[in-house]
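Peer 1: My structure is below; once you've seen it, I'll send some questions.
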Amino acid sequence: KQEVTQIPAALSVPEGENLVLNCSFTDSAIYNLQWFRQDPGKGLTSLLLIQSSQREQTSGRLNASLDKSSGRSTLYIAASQPGDSATYLCAVGEGAILTGGGNKLTFGTGTQLKVEL
Amino acid sequence: DAGITQSPRHKVTETGTPVTLRCHQTENHRYMYWYRQDPGHGLRLIHYSYGVKDTDKGEVSDGYSVSRSKTEDFLLTLESATSSQTSVYFCAITQGREQYFGPGTRLTVT
């Protein structure tokens, strides 16, 4: 059974700092990995998707890397801002459901980030 | 937001009553999912669907059933609600290879 761990559970940084969030998983036979952000009382917003054949993906100030052999992914946030304060969730996808791209996600419990002025 | 709505958004019900949550999407997505989110457990998959009338169980399916009679609607039913089913329920779809989530339904079973 796939297990996903995110450390630390909470993180507080001053504005402008670059930071790294960590995600580890136990079974390296993954289909893909997706990073989400969740604001309090809200749904999940997809940030980045990395396919199993990829090593990294970038979107604006965000960069996600994937090392399947070691069972790790990192989310790098550059020049953090107070608006980045949220919980960040890592989710690992199993093999595809049929051939249409659907897959079952296993989530970590998240890292709660606070960026202070 | 991938055109996903959930209803109701909040519900309080009593132990032993049946409850149905609805997920509606407007963009003809094939795959739909139901997750629950609980403190300390993260999100866990309850059931998923890969087409009309095609559904399967996820990690925590006991006590839940689903139906998908139309592409746009995926219903989650708690046949007899228990206090352990108090949770926030999220519906999701797959677009491309990414999953996108609805706004959630907060269910309290008293």
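The values are calculated or read from the model by the stated rules, or taken from the named source; none is laboratory data. Remember, it's a predicted structure, so these values are computed and weren't measured experimentally. Note: ideal-geometry Cβ built from the backbone for every residue, glycine included; neighbour counts use all protein chains shown. Surface accessibility is based on the protein's heavy atoms, side chains included, excluding ligands, DNA and RNA. Shrake-Rupley method; radii C 1.70, N 1.55, O 1.52, S 1.80 Å.
Peer 1: Among the residues of segment B:85-108, is any surrounded by 17 or more Cβ atoms within 10 Å (Cβ to Cβ), on the phi > 0 side of the Ramachandran plot, among the small types (Gly, Ala, Ser) and not in a strand (DSSP E or B)?
Peer 2: Yes; the residues of segment B:85-108 include at least one that is surrounded by 17 or more Cβ atoms within 10 Å (Cβ to Cβ), on the phi > 0 side of the Ramachandran plot, among the small types (Gly, Ala, Ser) and not in a strand (DSSP E or B).
Peer 1: Under 8 Å between Cβ atoms, which residue pairs at least 6 apart in sequence (or on different chains) link something in segment A:1-21 that is open to solvent by less than 60 Å² (accessible area, probe 1.4 Å) with a partner that is of a type in the set (Asp, Glu)?
Peer 2: Listed pairs, sorted by first residue: A:Gln2/A:Asp27; A:Gln2/A:Glu94; A:Val13/A:Glu116.
Results for (1) open to solvent by 70 Å² or more (accessible area, probe 1.4 Å); (2) more than 9 Å from chain B (Cβ to nearest Cβ); (3) within 30 Å of B:Arg106 (Cα to Cα), shown as yes or no for each residue.
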{"position": "A:Ser28", "(1), (2), (3)": "no, yes, no"}
{"position": "A:Trp35", "(1), (2), (3)": "no, yes, yes"}
{"position": "A:Asp39", "(1), (2), (3)": "no, yes, yes"}
{"position": "A:Leu49", "(1), (2), (3)": "no, no, yes"}
{"position": "A:Ser53", "(1), (2), (3)": "yes, yes, no"}
{"position": "A:Gln57", "(1), (2), (3)": "no, yes, no"}
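Peer 1: Also: Do you know which residues across segment B:25-40 are in contact with a strand residue (DSSP E or B) (Cβ under 6 Å, 6 or more places away or on another chain) and surrounded by fewer than 17 Cβ atoms within 10 Å (Cβ to Cβ)?
Peer 2: Of everything in segment B:25-40, just one residue is in contact with a strand residue (DSSP E or B) (Cβ under 6 Å, 6 or more places away or on another chain) and surrounded by fewer than 17 Cβ atoms within 10 Å (Cβ to Cβ), namely B:Asp38.
Peer 1: Here is a further query. Tell me, which residue of segment B:41-78 that is part of a loop (DSSP other than H, G, I, E, B) and among the small types (Gly, Ala, Ser) is most open to solvent (accessible area, probe 1.4 Å)?
Peer 2: Restricting to residues being part of a loop (DSSP other than H, G, I, E, B) and among the small types (Gly, Ala, Ser), the top hit is B:Gly63.
Peer 1: Taking the conditions exactly as written (touching a Lys or Arg at 6+ places or on another chain (Cβ under 6 Å), within 25 Å of B:Arg36 (Cβ to Cβ), within 14 Å of chain B (Cβ to nearest Cβ) and surrounded by fewer than 19 Cβ atoms within 10 Å (Cβ to Cβ)), does A:Thr45 satisfy them or not?
Peer 2: For A:Thr45, the condition - touching a Lys or Arg at 6+ places or on another chain (Cβ under 6 Å), within 25 Å of B:Arg36 (Cβ to Cβ), within 14 Å of chain B (Cβ to nearest Cβ) and surrounded by fewer than 19 Cβ atoms within 10 Å (Cβ to Cβ) - is met.
Peer 1: Okay, moving on. Within segment A:60-109, how many residues turn out to be surrounded by 22 or more Cβ atoms within 10 Å (Cβ to Cβ) and not in a strand (DSSP E or B)?
Peer 2: So the answer is 1.
Peer 1: Another question, if that's okay. Kindly provide the set of residues from segment B:8-24 that are open to solvent by less than 50 Å² (accessible area, probe 1.4 Å) and either at pLDDT below 95 or in a strand (DSSP E or B) (or both), ordered by number.
Peer 2: Of everything in segment B:8-24, those that are open to solvent by less than 50 Å² (accessible area, probe 1.4 Å) and either at pLDDT below 95 or in a strand (DSSP E or B) (or both) turn out to be B:Thr13, B:Val19, B:Leu21, B:Cys23, B:His24.
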